[in-house]
Amino acid sequence: MEEGIPAALRRDRTLGMVRDREFVRVADLSTIFGISEVTARADLAYLAEQGLLQRVHGGAIIRDPERQIERSFEEALDEYAAEKIGIGRAAVNMIRSGETVILDVGTSTAAVARAIVARDDLVDVTVFTSSLTNALEMEPAIPRIAVVLTGGTLRPKQHSLVDPMGSFVFENINVATAFIGCNGVHPEYGVTNVNLPEAEIKRKMVAAAQRTVVVADGSKLGNISVAKVADLSDIDQLVTGPSAPEGVVAELGELGVDVEIALPE
């Protein structure tokens, strides 16, 4: 038992333990440091707010970009579902009738697609997408919404279209707004994605748009994935949800990122 350790040092040691063990329990931290479980939970909450670890039932695990594994669209669909609905509603408010936009792949952008369909006041909007799922989501809104699939090689995991040919359309259009999904938004490393082929397409989307809006539930903030999508200076707005770590949100704001916390459903 290590009593009387200053909070900052205790949290630093806690983070080291999580990195070494991959998972630590609140009860173990209480015993090791001679603190109450309430204090142990507060330490973990603080570290989670800084984007350094992820809270799970009974303890915490490390956020490790080296061990990120791409999950299928269906596996991610139900996570933060209400939050994503709020993100979709906030994002669609940025679209005006007559505009042309890009809609990236992913579960957050699928929420944007559904919100587009629900906004029956939007007319003459053209949506370019590399997502089969998003195209089908928006099919009920045709003909007031024109849906353009980009073509390319099909990736079953995300039902997405990538190179070869996946970049061709984005290299030859100019749109008002690109709504981009991702696996990580980090104050130092910017916007990143776990899959290299899709990251390449995302970069082309950003280049084709006058405005780039990243849509990401709170669990993505503080994460770093292998493939760079954009620097923070390349994005105009980030729409996330209440689960976003407060410390990361504050740091992004200090760096000039316009962060909108969308209310869940």
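The values are calculated or read from the model by the stated rules, or taken from the named source; none is laboratory data. Note that this is a predicted model, so its numbers are computed, not measured. Cβ atoms come from the backbone with ideal geometry, glycine included; neighbour counts cover every protein chain shown.
General remarks:
- Taking the numbered list (1) part of a helix (DSSP H, G or I); (2) farther than 16 Å from residue 182 by Cβ; (3) hydroxyl-bearing (Ser, Thr, Tyr) in turn, residue 126 passes all entries but (1).
- Scanning region 90-120 for residues that are assigned to a helix (DSSP H, G or I), under 13 Å from residue 159 (Cβ atoms) and under 15 Å from the mean Cα position of the chain (by Cα) gives 107, 109, 110.
- Those residues of region 131-150 which are over 13 Å from residue 112 (Cβ atoms) and of a type in the set (Asp, Glu), in sequence order: 139
- Across region 179-198, the number of residues qualifying as closer than 18 Å to residue 160 by Cβ and either charged (D, E, K, R) or over 13 Å from the mean Cα position of the chain (by Cα) (or both) comes to 4.
- Number of residues in region 236-265 that are within 19 Å of residue 176 (Cα to Cα) and crowded, with 24+ Cβ neighbours inside 10 Å: the value is 2.
- Screening residue 194 on (1) hydrophobic (A, V, I, L, M, F, W, C); (2) touching an Asp or Glu at 6+ places or on another chain (Cβ under 6 Å); (3) buried (at least 24 other Cβ atoms within 10 Å of the Cβ) shows it passes everything except condition (3).
- Between 88, 98, the distinction of being out of contact with any helix residue (DSSP H, G or I) (no Cβ under 9 Å at 6 or more places or on another chain) and either in the same structural domain as residue 180 (by TED's automatic domain parsing) or closer than 19 Å to residue 220 by Cβ (or both) belongs to 98 only.
- The lone exception for residue 240 - which of (1) more than 16 Å from residue 109 (Cα to Cα); (2) in contact (Cβ under 8 Å) with a residue 40 or more places away in the chain; (3) not charged (D, E, K, R) it fails: (1)
- Among the residues making up region 35-51, those that are surrounded by fewer than 19 Cβ atoms within 10 Å (Cβ to Cβ) and modelled with pLDDT of 90 or more are 36, 37, 38, 39, 41, 42.
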